[in-house]
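Engineer: Structure provided below as structure tokens; questions to follow.
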Amino acid sequence: MSGHSTYKPSNGFTKWIDSRLPIVRLVHDAGVSYPTPKNLNYWWTFGGILTLCLGIQIITGIVLAMHYIPQTDLAFASVEHIMRDVNYGWLLRYVHANGASMFFIAVYVHMFRGLYYGSYKAPREILWILGVLIYVLMMASAFFGYVLPWGQMSFWGATVITNLFSAIPVVGQSISTWLWGGYAIGDPTLNRFFSLHYLFPFLIVGVVVLHIWALHVTGQNNPTGVEPKGDKDTVPFTPYATAKDALGMSLFLILFAYFVFFNPLGLGDVANSEIANPLKTPPHIVPEWYLLPFYAILRAVPDKLGGVLLMFSAIAVLFVLPWLDTSKVRSARFRPIYKQFFWLHLIVCIGLGWCGAQTPDLVITHVGSAESGINFTVTHLARILSFYYFFHFIILFPLLGLIEKPKPLPESISASVLGTAKS
Amino acid sequence: MKMTMIQKLAPFAAVAALTLGVAFSSAPAQAEGGENPGLKHVAWSFDGPFGTYDRSELRRGYKVYKEVCSTCHSMNLVHFRNLSEKGGPEFSEAEVKALAAGYQVQDGPNEQGEMFERPGKQSDPFPAPYPNEEAARAALGGAYPPDMSLLVKAREGGASYIYSILTGYTTPPAGAEAVPAGLHYNAAFPGNHIAMPQPLNEGQVDYDDGTPNTLDQEAKDVSAFLAWASEPKLEQRHRLGFQVMVFLIVLSGLLYTVVRKVWSDQH
């Protein structure tokens with residue numbers, strides 16, 4: 001997609017095509033001759049895995065949409081019709097429902113890999129921003145999709161999320177009404193969510209094309225964070241990276257298949273096997289696991305508007321990471337202090353997810369004497385973890401680059417590969 | 001330190017371990033207050049990756065459902081034809097026809113524009129005991145028995161939860177809150193006060209296959225039947241899953257050798 005092309009049309013026909021629509025050239029340059037750093041580890045296969053996830057979601061989703069009815073009286077039954085009467089409908093639905101979780105597992109691995117190896121830094125800022133945009137679109141798609149089966153958690157999850165907008169001063173309530181298409185969640189809401197759930201994956205495809213385009217302009221980062229210095233440091237995408245990506249996908253599909261076939265409800269909530277009932281609030285409303293850290297941040301703030309703002313800030317801060325990080329060195333391999341904080345941040349994010357799944361008043365431990373001490377609850381923990389989440393990005397990112405003394409960087413990728421081979 | 005190829009694949013082990021760890025630890029944690037103390041875990045024939053339903057158990061369970069549960073609970077998503085499908089109780093078609101014909105269902109309108117009653121057919125859903133929720137509440141003192149089609153999937157603990165409820169009617173322990181009028185004490189029900197009076201008793205359902213009709217047996221059989229009702233494709237899923245797993249593991253092995261071969265000139 002950029003740089004000089006090595007494609008040579010081999011016969012008259014391909015020459016004829018190439019001088020009119022160089023699509024074969026495009027595929028060759030992007031998927032065959034594209035130089036990739038030779039030291040990429042298997043954390044780098046998750047980009048390909050994500051493309052596979054997107055493809056699986058779109059294909060299963062299109063077929064599911066042929067049988068699904070976006071009408072509040074029929075939606076739940078139509079999903080059960082898919083589960084019981086459509087040929088392999090249970091397979092389509094379980095692949096699609098678990099596929100969403102698998103998609104998020106892969107995207108989180110992909111993002112934390114970027115954070116560890118500094119893949120968001122110059123010249124890959126736009127690449128990173130496009131990635132965050134895909135992540136936001138994924139969360140929106142997943143939210144719309146979760147509403148469609150019209151189970152209890154579908155309905156009440158949608159209620160909680162759309163009500164967030166009512167926290168906006170003055171126009172909040174009007175925005176909620178506008179989103180619902182009425183004064184409560186009902187048929188217009190379900191119908192528009194279905195429409196948007198069908199649209200968003202194609203928006204994601206569009207941004208993925210830009211993401212890959214940007215990737216092919218800057219080239220991939222690599223575990224050393226040192227840019228390739230010529231042909232000695234790179235290998236052609238095909239067969240080297242394609243073989244590794246294929247193995248990565250196959251191994252990932254084993255985990256995927258485990259959930260689809262042997263534990264299809266393991267990542268879901270039992271309440272969604274019950275039809276939506278606007279008159280019966282479930283005892284404990286929780287979003288799907290991949291949104292739990294943000295839910296914990298939302299609930300950590302006593303003020304509703306404050307919680308909403310902080311939750312959206314937790315995502316928004318990702319867009320400006322390239323400019324918050326002042327370190328000249330990309331990879332955490334050569335950043336002894338950042339490396340430790342990276343792991344701490346990962347634990348904090350998992351901890352926030354745990355907090356999001358619990359009832360806020362759950363007492364974790366009792367501090368002080370039996371009579372006068374205080375109960376340390378999930379809310380307290382979520383506040384500490386939320387504070388660290390922002391502290392990590394807003395304070396540590398600029399600060400570490402100034403105070404940290406990085407380890408010496410290798411001359412080049414091939415020098416580092418040979419170096420590690422010797423030691 | 002040179003990593004072996006297997007060591008290089010550690011990311012996948014790490015991702016799988018983390019995912020499975022979260023999946024297994026979060027399910028009970030998400031239920032309010034953790035694991036239900038009244039839950040009795042039963043070893044079911046359909047547990048595990050090779051689990052299948054026990055035909056005789058499902059047939060006995062259907063009898064318990066038909067004679068006891070169905071007097072109050074609907075099961076709208078299950079049709080008579082499902083009873084003869086593979087992977088379920090697998091009654092013969094003749095048996096199912098006879099079962100369905102034992103019910104009168106409303107159909108119509110006919111050419112005169114009138115609704116009429118006719119014997120049930122295999123294509124009919126299980127007839128519901130009440131025409132609507134309001135009628136059920138009016139007849140049952142305000143309580144609404146949930147539809148049973150998906151009950152096992154809609155309750156933390158699944159079939160074991162149903163079994164625990166059915167066998168969980170005891171006298172309240174000393175010091176327990178007084179049970180409000182119209183409710184009943186149940187060790188497995190969240191909050192312990194359930195509107196449903198004890199539905200099943202020792203010796204209540206006479207089994208055709210001579211199995212002793214203890215309360216424990218009846219409760220187990222009907223719980224297994226409800227598990228099938230909420231997940232009728234489980235056997236097909238397990239069978240296909242095994243084939244997919246074998247395929248993916250062999251494919252991964254082949255791709256592993258492909259990667260080694262392709263990268264052999266780079267090390």
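The values are calculated or read from the model by the stated rules, or taken from the named source; none is laboratory data. Please read all numbers here as calculations on a predicted model, not as lab measurements. In this analysis, Cβ positions are derived from the backbone assuming ideal geometry, glycine residues included, and neighbour counts consider all displayed protein chains.
Engineer: Take the conditions within 14 Å of chain B (Cβ to nearest Cβ), surrounded by fewer than 21 Cβ atoms within 10 Å (Cβ to Cβ), touching a Lys or Arg at 6+ places or on another chain (Cβ under 9 Å) and in a helix (DSSP H, G or I) and apply them to A:A214. Does it pass?
Structural biologist: No; evaluated as a whole, the condition is false for this residue.
Engineer: What is the residue count in region A:355-374 for residues that are surrounded by 14 or more Cβ atoms within 10 Å (Cβ to Cβ) and over 22 Å from A:H345 (Cβ atoms)?
Structural biologist: Residues in region A:355-374 being surrounded by 14 or more Cβ atoms within 10 Å (Cβ to Cβ) and over 22 Å from A:H345 (Cβ atoms): 3 in total.
Engineer: Could you list, in sequence order, all residues of region B:227-244 that are farther than 20 Å from B:F80 by Cβ and either without any contact (Cβ under 8 Å) to a residue 40 or more places away in the chain or away from every other protein chain (no Cβ under 12 Å) (or both)?
Structural biologist: B:R237, B:R239, B:L240, B:Q243, B:V244
Engineer: I would also like to ask the following. Only one of these is of a type in the set (G, A, S) and over 30 Å from A:F256 (Cα atoms): B:G210, B:G241. Name it.
Structural biologist: Only one candidate passes the filter, namely B:G210.
Engineer: Of everything in region A:1-57, what is charged (D, E, K, R) and in a helix (DSSP H, G or I)? Give them in sequence order.
Structural biologist: Hits for region A:1-57 are A:K15, A:D18, A:R25, A:D29.
Engineer: Same structure, new question: Of all residues in region A:276-304 being in a helix (DSSP H, G or I) and not hydrophobic (A, V, I, L, M, F, W, C), which is nearest to the other protein chains (Cβ to nearest Cβ)?
Structural biologist: For region A:276-304, the residue satisfying everything is A:Y290.
Engineer: The conditions are (1) assigned to a helix (DSSP H, G or I); (2) under 23 Å from the mean Cα position of the chain (by Cα), and A:N222 fails exactly one of them. Which is it?
Structural biologist: That leaves (1) as the condition not met.
Engineer: Could you count how many residues in region B:92-134 are part of a loop (DSSP other than H, G, I, E, B), charged (D, E, K, R) and surrounded by 10 or more Cβ atoms within 10 Å (Cβ to Cβ)?
Structural biologist: Total meeting the criteria: 2.
Engineer: Continuing with the same structure: Is there any pair linking a residue in region B:203-224 that is more than 22 Å from B:T170 (Cα to Cα) to one that is assigned to a loop (DSSP other than H, G, I, E, B), with Cβ under 6 Å and at least six apart or on different chains, and which?
Structural biologist: From region B:203-224, the pairs are B:Y207/B:N213.
Engineer: It is to be established whether one or more residues within region A:266-275 are more than 10 Å from chain B (Cβ to nearest Cβ) and not in a helix (DSSP H, G or I).
Structural biologist: no
Engineer: Look at A:S176 and say whether it is modelled with pLDDT under 95 and among the small types (G, A, S).
Structural biologist: Against the criterion (modelled with pLDDT under 95 and among the small types (G, A, S)), A:S176 qualifies.
Engineer: Is one or more of the residues making up region B:205-226 within 14 Å of chain A (Cβ to nearest Cβ) and either touching a Phe, Trp or Tyr at 6+ places or on another chain (Cβ under 9 Å) or assigned to a helix (DSSP H, G or I) (or both)?
Structural biologist: yes
Engineer: So which helices (runs of 4 or more DSSP H) stay within region A:72-187 end to end and still have 2 or more residues that are within 23 Å of the chain's Cα centre (by Cα)?
Structural biologist: A:89-117, A:125-147, A:152-164
Engineer: Could you grab the pairs with beta carbons closer than 6 Å, sequence gap of 6+ or different chains, first residue in region B:143-169 and without any contact (Cβ under 8 Å) to a residue 60 or more places away in the chain, second one of a type in the set (K, R) and not in a loop (DSSP other than H, G, I, E, B)?
Structural biologist: B:Y144/B:R137
Engineer: Checking the condition more than 13 Å from chain A (Cβ to nearest Cβ), within 21 Å of the chain's Cα centre (by Cα) and not in a loop (DSSP other than H, G, I, E, B), which residue from B:Y185, B:Y163 passes?
Structural biologist: Selected residue: B:Y163, the only one of B:Y185, B:Y163 that is more than 13 Å from chain A (Cβ to nearest Cβ), within 21 Å of the chain's Cα centre (by Cα) and not in a loop (DSSP other than H, G, I, E, B).
Engineer: Right, another one. Only one of (1) touching a helix residue (DSSP H, G or I) at 6+ places or on another chain (Cβ under 9 Å); (2) in contact (Cβ under 8 Å) with a residue 60 or more places away in the chain fails for A:L381. Which number is that?
Structural biologist: For A:L381, the failing item is (2).
Engineer: Which pairs do you get when a residue that is of a type in the set (S, T, Y), found in region A:100-125, comes within reach of a residue that is in a helix (DSSP H, G or I), reach meaning Cβ atoms under 6 angstrom, with the pair 6+ apart or on two chains?
Structural biologist: Pairs that qualify, where the first residue is of a type in the set (S, T, Y) and the partner is in a helix (DSSP H, G or I), are A:Y116/A:A332; A:Y116/A:F342; A:Y120/A:G114; A:Y120/A:W128; A:Y120/A:L321; A:Y120/A:P322.
Engineer: Can we say A:G248 is buried (at least 19 other Cβ atoms within 10 Å of the Cβ), more than 10 Å from every other protein chain (Cβ to nearest Cβ) and under 30 Å from A:T6 (Cβ atoms)?
Structural biologist: For A:G248, the condition - buried (at least 19 other Cβ atoms within 10 Å of the Cβ), more than 10 Å from every other protein chain (Cβ to nearest Cβ) and under 30 Å from A:T6 (Cβ atoms) - is not met.
Engineer: Which of the numbered conditions does B:A14 fail, given that it passes all the others? Conditions: (1) surrounded by 17 or more Cβ atoms within 10 Å (Cβ to Cβ); (2) farther than 22 Å from B:Y207 by Cα; (3) not acidic (D, E).
Structural biologist: All conditions pass for B:A14, except number (1).
Engineer: Right, here's the next one. Here is a list: A:E404, A:E411. Which entry is loosely packed, with under 15 Cβ neighbours inside 10 Å and more than 27 Å from the chain's Cα centre (by Cα)?
Structural biologist: A:E411
Engineer: Mind counting the residues in region A:363-421 that are of a type outside the set (G, A, S), touching a Pro at 6+ places or on another chain (Cβ under 6 Å) and within 14 Å of another protein chain (Cβ to nearest Cβ)?
Structural biologist: Result for region A:363-421: 2.
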